[in-house]
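The values are calculated or read from the model by the stated rules, or taken from the named source; none is laboratory data. It should be emphasised that the depicted structure is a prediction, and the values quoted were computed from it without experimental measurement. Every residue, glycine as well, gets a Cβ built from its backbone with ideal geometry; the counts of neighbours run over all protein chains shown.
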Amino acid sequence: MIFRVALCLALLVPAPAMAEKLANKLFGAMDYPSGQAAMPVGSYARGCGAGLMELKESGPTWQAMRLSRNRNFAHPEMIGFLKDLSSQAAAMGWGKGLYIGDISQPRGGPMTSGHASHQMGLDADIWWLAPTRLNLSRSERESLSSIPMRSADQKSVTGNWGPKARALLKAAASDPRVDRIFVAAAIKLEICKTAKKADRKWLQKLRPVAGHDTHFHVRLKCPKGARLCETQKPTVADLSKGGDGCDDTLAWWVTDYLNPPKPTKKKKPKEDDAPRKKGPREFTMADLPKQCKDVLASD
């Protein structure tokens, strides 16, 4: 209670003082969404979410995991997507649906731990563990772990990978609401081995990234009419020409990424050294879009 009172007082301080407060502490302290119309504000890694909705802890084809984190809040577009995908997952035999990990905090914004993104309610982590039951208790949701789809050496998939996992990814990536899906590089490498031309449209949405061996991370496009949401630029080469990312940029993840070339002895001139960029947990309110202060202060 004392901390809540302190937070309320903090929201009443002059703008210059407010601008210097760490944003992750302020957003991480909020227990409920803002009383505003739904609107993602800013970017996926520097923003907040107005009018987010809570994904119910349990549904006919899903369960939200790690409830103690209070990160099962999302833009309505994401809520609809997760319900639709979980229904598809159950229908295709992916257990009873989906176990859903972190989405966003009640008002989005930077987090005190974990993710750099997930700040607007348009990112969600989906576990690779297919649910055998959807009546897990709160304590079970804290202790149960997902399963790895990537080998320890990061170069191949594990025995957990199979046609159903591929079908689940295809279903998610084929949804027009989806902008991209982050997966372990080994997964995309495996899919690329047998991919056909017809797979390019959804396959190009799969983006290899570290730290995604037990889940895949879905990112939605900015919803129609979301004027405060910043659209991401494509990151896969030659997308306009039908590229699918099954090229040297993918191979890098199991070559130079794992065994970086030795650095050259030549040093950069000191004046050319770029200043260190702030991390999300260092952002103050001044680093976020100005509308995020209104999101934080809303009833």
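Laid out as a table, the results:
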item: Test: residue in segment 272-280 that is outside any loop (DSSP other than H, G, I, E, B), modelled with pLDDT of 80 or more, surrounded by 12 or more Cβ atoms within 10 Å (Cβ to Cβ) and in contact with a Ser or Thr (Cβ under 7 Å, 6 or more places away or on another chain); result: no
item: Any strands (runs of 3 or more DSSP E) falling wholly within segment 32-122 and containing at least 3 residues that are charged (D, E, K, R), closer than 18 Å to PRO280 by Cβ and in contact with a strand residue (DSSP E or B) (Cβ under 6 Å, 6 or more places away or on another chain); result: none
item: Failed item in (1) among the acidic types (Asp, Glu); (2) surrounded by 14 or more Cβ atoms within 10 Å (Cβ to Cβ); (3) assigned to a loop (DSSP other than H, G, I, E, B), with ASP125 passing the rest; result: (3)
item: Hey, LYS241 at pLDDT below 95 and surrounded by fewer than 16 Cβ atoms within 10 Å (Cβ to Cβ) or not; result: yes
item: Matching residues in segment 193-237 - criterion: being among the β-branched types (Val, Ile, Thr), at pLDDT 95 or above and closer than 29 Å to PRO289 by Cα; result: VAL218
item: Search result, residues across segment 29-48 that are surrounded by fewer than 19 Cβ atoms within 10 Å (Cβ to Cβ) and among the aromatic types (Phe, Trp, Tyr); result: TYR32
item: In segment 81-96, the residues that are without any contact (Cβ under 8 Å) to a residue 60 or more places away in the chain and under 16 Å from ASP179 (Cβ atoms); result: LEU82
item: Segment 56-96, residues that are among the charged types (D, E, K, R) and more than 17 Å from the chain's Cα centre (by Cα); result: LYS56, GLU57, ASP84, LYS96
item: Residue check for THR255: under 25 Å from ALA45 (Cα atoms) and surrounded by fewer than 16 Cβ atoms within 10 Å (Cβ to Cβ); result: no
item: Check on THR264, at pLDDT 85 or above, farther than 22 Å from LEU168 by Cα and of a type in the set (Ser, Thr, Tyr); result: no
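Residue-by-condition table, conditions (1) surrounded by fewer than 19 Cβ atoms within 10 Å (Cβ to Cβ); (2) out of contact with any Lys or Arg (no Cβ under 7 Å at 6 or more places or on another chain):
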position: ARG71; (1), (2): no, yes
position: GLU77; (1), (2): no, no
position: GLY95; (1), (2): yes, yes
position: GLY108; (1), (2): no, yes
position: MET120; (1), (2): no, yes
position: SER137; (1), (2): yes, yes
position: SER145; (1), (2): yes, yes
